[in-house]
Amino acid sequence: MSKITKSSTAEYFAKNLQQVGFSSPLKAVLTTLKEAIDNSLDACEQAGILPDIKVEIAKVGSGSTKNTDLIKIVVEDNGPGIDADDLAKVFGEYLASSKFGRGQCSRGQQGIGISAATTWAQMTNARGAVVISKTKNMRKAVSAQVDVDIKSNTGIIKNKESIDWVKPNGVRVEFVMDGRVQLNGDGGLVTYVEGTVLVNPHLTIEYKLLDNDWQKVERVSNEVPELPPATLPHPHTFKLGEFITHATLFGKTSLSKFLKTGFSRISDPTINDFVKNGLPKSLVEKPVTSISEENFKSIFTAIQNTELMAPSTKSVLTVGEDALSKSIQRLGQVDFFSVVTRKPRICDFKPVVVEVALARFIDRGGESDSPVQLLRFANRVPLQFDKSGCAITGAIESVNWKSYGLNQPKDSLPLGPYVFAISVVSPFIKFKNASKETIDASDELVDEIRKAAQQAGQKLSRHIRKEFKEADLERKLAHIEQFGPILVEKLALLSGANDARRKKAEDGLRKILGRDSQEAISQLEDAETKLNKQKQKEAKKFGFDLDETSSEEDSESYRDMDSDDSAEKGTTKATTAMSTEKDTQKTTEKTTEKTTEKTTEKAVASTQKSTTIATTQKSTQKK
Ligand SMILES: Nc1ncnc2c1ncn2[C@@H]1O[C@H](COP(=O)(O)OP(=O)(O)OP(=O)(O)O)[C@@H](O)[C@H]1O
Ligand SMILES: [Mg+2]
């Protein structure tokens, strides 16, 4: 027989990096960024710090492998920092984690993420992670390179030195690795950053992606999300094999202690119930190490046959509707959004919360005949690959979006220029693979996501219906507006009515249609004349050249208005601007000009138009 050898955990992962998100140069860059940001956000959350994260991704040369670039990825945080003695474990050792099996809704769970990034950098560029770290207790920061010793699964520290660093505490990690950068689309870096921004309202992030300029997105919440207390897994979520492995972690502990401290909802009375249902009483106080596989089977069966209380839902964390509503506006100008935070539920004996945000952005384009952009999140981490097998995708595709006013091909995502963001939070999310890219689609979870989506869909449908009605009404009005005057003219001819009667009929028609803007325009012209007189008076009084100042002011105000294409915003601006006399002048002029332009265009009038007219009248009256 050939010799049996053992491989280390690091050796296993180094050979199977594709299992943890490093299956292509493109994914390598995204996964590295994601693992580093996850860690920064988790660390800040644990330490109660509002995260300020800085990210830089740059091409620094050609990669050592075919069709790759050499990519530098830097992530810097203001978290608690890492002790110098822990750097080797964190960046160079697999299965070293402060979150392992804790039953909290943290982003990281497995103690694999960042060491996998170190391994990829080392394998492709012969250099692991370069780290700077400082905790509050350190006088100076520590800087070092950390490599993974693949044979022994330990971290190797190189070039360690004490350095001065401007930050009082935090971590800066830099990787240089073979990779490829995709900015947009499902697997893009921008999509990742935007998703992270959306579900982390308390995050301020500054980032530079390739040759693009630095971007900064400020936090919209000053509250660090409070991580709810950890929870233990419910015994009904286990399979026999997992149950036995879980037991081995408890060493010589007695079976009763293992059950009471390893799971939720088990107490002495529950163990008595297990005994009634077939658990051999003689095993109750035996150390778990001495229990045979056969006995484990009967213990496991007795537990599964006993009814237990559902787990508590206290361990889940939500972003919240208010924070989500604010956060969504950081992604662009929104003209409609609907957010829903469901109550925590139990799905498959695990506490879970589903949150949904549906939004339509003004400046994002998006075709009405292409599928909505679906953003998926698990424990506030964007999921960007393997969309098709995910519980979230399945749930959204199974909703009948036609009944909410959207087009939808059969069993597919609905169509339209919308962003659908669906977040699932649970201390025990079941992923389909170690790379945490797809949530396992159990019936109960899919059903819960569907309900959340339907709730948000109802709000969306009210909005779409309203828009449809407005557009329909506008179409009808435009039709009457086009043919009404012809009708009036012909009727006047037939009835031999005089000009005054005909004009009255035309005015009446305009009034009925709500298009009596002529009156508003003449009021505005009046206001403008008065304003000019006032200006001239002032110019005379203060002895300045009227033409120069007014032209400067005008160009200023047009710049303002031009950069602001939302009617609603324009209205708000106009209203606030009325506080000073100078501003009053500007506003009225500005709006007058705009209104005149619009009405003379005589195109299909819109609600936007009437808003502007109404505002102008108001400001004129005020004046
Ligand atoms: N920026 C950081 N600041 C403070 N601590 C950190 C930072 N990055 C990593 N750590 C510590 O290092 C540990 C290991 O990180 P790693 O990413 O390997 O695993 P994880 O986050 O626990 O789980 P996962 O593999 O699911 O990401 C973390 O649990 C955390 O305690
Ligand atoms: Mg991690």
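The values are calculated or read from the model by the stated rules, or taken from the named source; none is laboratory data. Source: prediction; values computed, not measured. Counting neighbours? That spans all protein chains shown, and the Cβs are built from the backbone with ideal geometry, glycine included.
Which one is farthest from residue 333 (Cα to Cα), of the residues in the range 397-436 that are hydroxyl-bearing (Ser, Thr, Tyr) and outside any loop (DSSP other than H, G, I, E, B)?
398
Go through the range 396-442 and count every residue that is crowded, with 16+ Cβ neighbours inside 10 Å, among the small types (Gly, Ala, Ser) and either farther than 28 Å from residue 42 by Cα or in contact with an Asp or Glu (Cβ under 7 Å, 6 or more places away or on another chain) (or both).
Summing the residues that are crowded, with 16+ Cβ neighbours inside 10 Å, among the small types (Gly, Ala, Ser) and either farther than 28 Å from residue 42 by Cα or in contact with an Asp or Glu (Cβ under 7 Å, 6 or more places away or on another chain) (or both) in the range 396-442 gives 3.
Has the range 43-51 got any residue that is more than 16 Å from ligand 2 (Cβ to nearest atom) and either touching a Leu at 6+ places or on another chain (Cβ under 6 Å) or closer than 20 Å to residue 214 by Cα (or both)?
No, that holds for no residue.
Read through the list (1) surrounded by 22 or more Cβ atoms within 10 Å (Cβ to Cβ); (2) touching a Ser or Thr at 6+ places or on another chain (Cβ under 7 Å), then give the number of the only condition that residue 195 fails.
(2)
Residue 319 fails exactly one of the following numbered conditions: (1) assigned to a loop (DSSP other than H, G, I, E, B); (2) aliphatic (A, V, I, L, M); (3) over 22 Å from residue 458 (Cβ atoms). What is the number of that condition?
So the condition that residue 319 fails would be (3).
Considering only the range 45-86, state which residues are within 13 Å of ligand 1 (Cβ to nearest atom) and without any contact (Cβ under 8 Å) to a residue 60 or more places away in the chain.
Residues satisfying the conditions are 47, 83, 85, 86.
Would you mind finding the one in 50, 41 that is under 26 Å from residue 224 (Cβ atoms) and crowded, with 21+ Cβ neighbours inside 10 Å?
Being under 26 Å from residue 224 (Cβ atoms) and crowded, with 21+ Cβ neighbours inside 10 Å holds for just one of 50, 41, which is 41.
Go through (1) in contact (Cβ under 8 Å) with a residue 60 or more places away in the chain; (2) in a loop (DSSP other than H, G, I, E, B); (3) hydrophobic (A, V, I, L, M, F, W, C) for residue 456 and report which single condition fails.
Unmet condition: (2).
Return a yes/no flag: does the range 60-70 have any residue that is surrounded by fewer than 21 Cβ atoms within 10 Å (Cβ to Cβ) and within 15 Å of ligand 2 (Cβ to nearest atom).
Checked the range 60-70: no residue is surrounded by fewer than 21 Cβ atoms within 10 Å (Cβ to Cβ) and within 15 Å of ligand 2 (Cβ to nearest atom).
Counting only residues that are assigned to a helix (DSSP H, G or I), modelled with pLDDT of 90 or more and out of contact with any strand residue (DSSP E or B) (no Cβ under 8 Å at 6 or more places or on another chain), how many does the range 93-127 have?
2
From 261, 245, 231, grab the single residue that is modelled with pLDDT under 95 and assigned to a loop (DSSP other than H, G, I, E, B).
231
Return the residue satisfying two criteria in turn: it lies in the range 98-123 and is farther than 20 Å from residue 172 by Cβ and of a type in the set (Gly, Ala, Ser), and of such residues it is nearest to ligand 1 (Cβ to nearest atom).
111
Of the residues 115, 98, which is among the small types (Gly, Ala, Ser), closer than 21 Å to residue 381 by Cα, surrounded by fewer than 18 Cβ atoms within 10 Å (Cβ to Cβ) and within 13 Å of ligand 2 (Cβ to nearest atom)?
98
Condition (residue is at pLDDT 90 or above and within 15 Å of ligand 1 (Cβ to nearest atom)) applied to the range 1-15: is it met by at least one residue?
Checked the range 1-15: no residue is at pLDDT 90 or above and within 15 Å of ligand 1 (Cβ to nearest atom).
Of all residues in the range 87-97 being touching a residue at least 24 places away in the same chain (Cβ under 8 Å) and within 9 Å of ligand 1 (Cβ to nearest atom), which is nearest to residue 177 (Cα to Cα)?
So the residue we want is 91.
Of the numbered conditions (1) modelled with pLDDT of 95 or more; (2) in contact with a Leu (Cβ under 7 Å, 6 or more places away or on another chain); (3) farther than 30 Å from residue 315 by Cβ, residue 187 satisfies every one except a single condition; which is it?
Residue 187 satisfies all of (1) modelled with pLDDT of 95 or more; (2) in contact with a Leu (Cβ under 7 Å, 6 or more places away or on another chain); (3) farther than 30 Å from residue 315 by Cβ except (1).
Which of the residues belonging to the range 73-95 are within 13 Å of ligand 2 (Cβ to nearest atom) and small (Gly, Ala, Ser)?
Once the filter is applied, which keeps residues that are within 13 Å of ligand 2 (Cβ to nearest atom) and small (Gly, Ala, Ser), the range 73-95 yields only 79.
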